[in-house]
Amino acid sequence: MDKLLLFVFFLGSGWALGQSTTQQKILAAQAEYRTAVARCDTPAMAEAAYLLGKRYRSAGEGAASWRWLLHSLRLRESRGPSVELNKVYIQLGNASGTIKDYAQTYAYGQKALANSRKLNHPHSQMSAYTFMSGVHWTASRAFRFTPERPFAYSADSALFYIQRAEAIARQMKVPLEIAYVLRSKGGILAEREPRKAIDCFTEALKVHQTLKNWGQIINLNLELVQAYLNLGDLRTARAHLLTAEQVNRVAPIDYMEGKVLLHQTLARYYRATQNWKEAHREAMVVDSLEKISESLEHRAAIAQLSILYDTEKQAALLKARDAELALQNNTLQTQRYITYGMMGLLMLSVGVGFGFYRLNRQNRQISLQNAHLVREQSHRMKNHLHTVSALLSLQSNRLTDDSARRAVEESQLRVHTIALLNQQLHQGEELVTLGLPHFIPKLVRTILDSYGFSQIQPEYQLQNVPIHIDQAIPLALIINELVTNACKYAFNAHPDPQLTVQCWEANGKLHLQVRDNGPGWLAGPNSETGFGQRLIDLQVRQLRGECTFSGPPGVTFDLVIGIK
């Protein structure tokens, strides 16, 4: 028993090493993503986003994992079926299973199956079958005490899918793939046929020992502990537990599922040996780890990401409808020209004119319906942005760290900026261009009031330069970041804070200048790698413009972009 207690000590130190390894993997994936963005390489961006989703999920950061996996899905789904898309579906399904959303987990599994069948790719089909087996097995255990299950999850279905996966793996004759499938099969058989499960785990363990795959060696030894406990063989179970201890010293567990499995196994072993104190302690560790994975904050963040993803899909649908409406209007105009040309033929013109009259009314009705859709979409966008703002407000109220709360409040201010601009764009009938004097003063005033600088009266020199909708949101986000930085670093403890905003047109280009009278760029805590600076650079790149910072005295930002 002393050796097992020592195992718990080494587990604590191994945890820290594992976390460090996970962070290194995250940093490496982030570097790959930045390189792909710089090269404008969409497939590489999708792969880096997928890796970031996996890394964050291993670290237990569910919200960040969802954000990157959904980003990878957006980049890959539009390109049609692919092996890479299959991997994204499975990872999203695993993320849904972590928060026990089995309906969504099952839906992603079905998408992975359909995608792999279209590809007729053996490895993808094997992965999809293995995943569907895991869905049925996990859900059937979760609802085994529920009289009415929400779906027909069953252990028999789990065994059916894993047997199909095993058949493909053995046809492929790849030992590593066979080992992964056998581990899943052993997990299904562990309770009702533990000796068959032991055979599966043992065969898989030999493969991973040959390849020195330390993480899987630990997991399989822990699975063997559970199987031998089912047989009541405490001695053999203890031997495999000590083996897992030795391997964990060499290669500590660095992902959430492995940590949960380890502490579940320890808790069960202590219960079997009637060491109730240690069993209770390990059970509490398991409970805390599971709560991290399915916390309310993670659920809210994931719901927020789903709303944003749905909003983007609706925006794409609206764009397609706008194109259809424009085509219909062109068709209507052509038909009118034909009608005017036939006016010389009296009888024919009456018949044709009546027919086109009815067609004209139908097209006008379609135009009104599409105009209503535009207004409805604007209203929904406003509601979505309000929901996101409310979620961020809820998150801020739950945080105790001041810097974290301020970061969430700044994100809420950015959402408010987009909402304010959306309101300005949809107040009138004209939805194509927007004059800067109409929204810059309101935007700046909102930010100053939110930071408690209501006494500041900015100086505006704004020409009425119309800008396109596609340029409005990036420009508003740039102004939001500049004024926010001025409030944080320039006006704090300044006896006479001043802010100047100018915009003018010259040689077909829009010039924007934002200037404060603070201590200057070098005196502020913000750096070139800060989030605000990266956001500004990203928006300037989207506008295909050029920007410069100058100062001291103060900080002066100059931006030049083309006018559409």
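The values are calculated or read from the model by the stated rules, or taken from the named source; none is laboratory data. It should be emphasised that the depicted structure is a prediction, and the values quoted were computed from it without experimental measurement. Ideal geometry is used to build each Cβ from the backbone, glycine not excepted, and the neighbour counts take in all protein chains shown. These area figures cover heavy atoms from the full protein model, side chains too; ligands, DNA and RNA do not enter into them. Shrake-Rupley method; radii C 1.70, N 1.55, O 1.52, S 1.80 Å.
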Pairwise centroid distance, computed over Cα atoms, of region 79-118 with region 186-233, Å: 27 Å
Loop-resident sites, region 90-182, for GluC sites (Glu not before Pro), counting at most 16 other Cβ within 10 Å (DSSP): E148
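Kindly provide the trypsin sites (Lys or Arg not before Pro) of region 157-213 that DSSP labels as loop, not H, G, I, E or B, and whose Cβ sees at most 15 other Cβ atoms within 10 Å.
Values: sites: R164, R170, K173, R183, K185, R192, R195, K196, K206, K212; in loops: K173, R192, K212.
Passing sites in region 157-213 are K173, R192, K212.
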Share of carbon and sulfur in the accessible heavy-atom surface of region 475-564 [1.4 Å probe, %]: 51 percent
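Rank these by accessible area, largest first, 1.4 Å probe: M45, M172, M126. Don't jump to the answer; show the numbers that get you there.
Values: M45 35, M172 60, M126 5 Å².
Sorted descending by solvent-accessible area, the residues read M172, M45, M126.
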